[in-house]
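So the structure is just underneath, and the comments pick up after that.
The values are calculated or read from the model by the stated rules, or taken from the named source; none is laboratory data. Since we're looking at a predicted model, the values are computed, not measured. Virtual Cβ from ideal backbone geometry, glycine too; neighbours counted across all protein chains shown. These area figures cover heavy atoms from the full protein model, side chains too; ligands, DNA and RNA do not enter into them. Shrake-Rupley method; radii C 1.70, N 1.55, O 1.52, S 1.80 Å.
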Amino acid sequence: MSDDSAADDRTTEDRRRTADRQEAADHPEVADYRTRVSPFVERFAADLTEAGMQRMASRVFACLLASEEGALTSAELGDRLQASPAAISGAVRYLSQVALVSRQRDPGSRRERYMLHQDVWYTSLLSRDHVLGRWLGTLNTGADDLGADTPGGRRVRESAEFLEFMRTGLEDMLNRWHARRQSD
C-alpha cells in the first residue's frame, strides 16, 4: 500500500468519525441508539437467528421491538441497521408472513410504517394455533392413509398426537395469558 493510499484511508476514516460525531450532536437519538439500543438489537437478533429465524428478519424484529413506538419506516430501519432497502423489504415480507409485523401507510404519505402487532407474542402464537390445526388435519389424514400397522403410519400418528397435545397446552396457556392481561 502506498503512502498516499494509506493517507487517503486515514482521511476517509477521519471524515467518517467527524460525520458520526456531528450526526450524534444533531440527533442525540442516533447516538443513543448506537450506544444503548443497538447492542441489545444485535444480541437478541443473534438469539433469534440461532433459533432458526432469518438473520435480517431477526434484526428488523429486534429493532422494532426495542423502538419507542414499535413502528418504523423502511428508511428508519435501514439507517438503524445499516441495511439496504431490499434487505429490509425481504425481512418485513417474512415477518408479515409469520404474523409478527404489519404494514400501515402514514396518512397523506406514500411511506409505509412497519409495526409490531399489539401483544406481539400472543398474536404470533395465536396464529401458530391455526397452523397447528392445519398440520393436524394433514397428519391425521396421512396416518389413516398410511395405516396404523406401518412404521410410517405410526410415526405420523404419534406426530399428530404430540401436536394435538401441544395445541391444547398452547390454547390453555394463551387463555391464561389473555386473562392475566385483562386483570392488569
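At a glance:
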item: Filtered residues of segment 170-184 (kept if within 19 Å of Gln118 (Cβ to Cβ), of a type in the set (D, E, K, R) and at pLDDT 90 or above); result: Arg176, Arg180
item: Segment 148-168 residues that are surrounded by 16 or more Cβ atoms within 10 Å (Cβ to Cβ), paired with ones that are assigned to a helix (DSSP H, G or I) and of a type in the set (Phe, Trp, Tyr) (beta carbon under 8 Å, 6 or more apart); result: Leu163/Trp135
item: Selection within segment 95-131 - open to solvent by less than 60 Å² (accessible area, probe 1.4 Å), among the polar types (S, T, N, Q) and closer than 15 Å to Leu65 by Cβ; result: Ser102, Thr123, Ser124
item: Subset of segment 32-78 (residues that are of a type in the set (Val, Ile, Thr), surrounded by 18 or more Cβ atoms within 10 Å (Cβ to Cβ) and either touching a strand residue (DSSP E or B) at 6+ places or on another chain (Cβ under 9 Å) or more than 19 Å from Tyr114 (Cα to Cα) (or both)); result: Val60
item: Total residues in segment 55-96, condition in contact with a Cys (Cβ under 8 Å, 6 or more places away or on another chain) and either more than 20 Å from Arg43 (Cβ to Cβ) or part of a strand (DSSP E or B) (or both); result: 1
item: Residues (under 22 Å from Val98 (Cα atoms) and out of contact with any Leu (no Cβ under 8 Å at 6 or more places or on another chain)) located in segment 132-161; result: Gly133, Arg134, Gly137, Thr138
item: Residues of segment 101-123 that turn out to be in contact with a strand residue (DSSP E or B) (Cβ under 7 Å, 6 or more places away or on another chain), in a loop (DSSP other than H, G, I, E, B) and under 29 Å from Leu170 (Cβ atoms), as a count; result: 1
item: Selection within segment 124-169 - part of a helix (DSSP H, G or I) and at pLDDT below 90; result: Ser124, Leu125, Leu126, Ser127, Arg128, Asp129, His130, Val131, Leu132, Gly133
item: Unmet requirement for Val92, which otherwise passes all of (1) at pLDDT 95 or above; (2) more than 26 Å from Gly70 (Cα to Cα); result: (2)
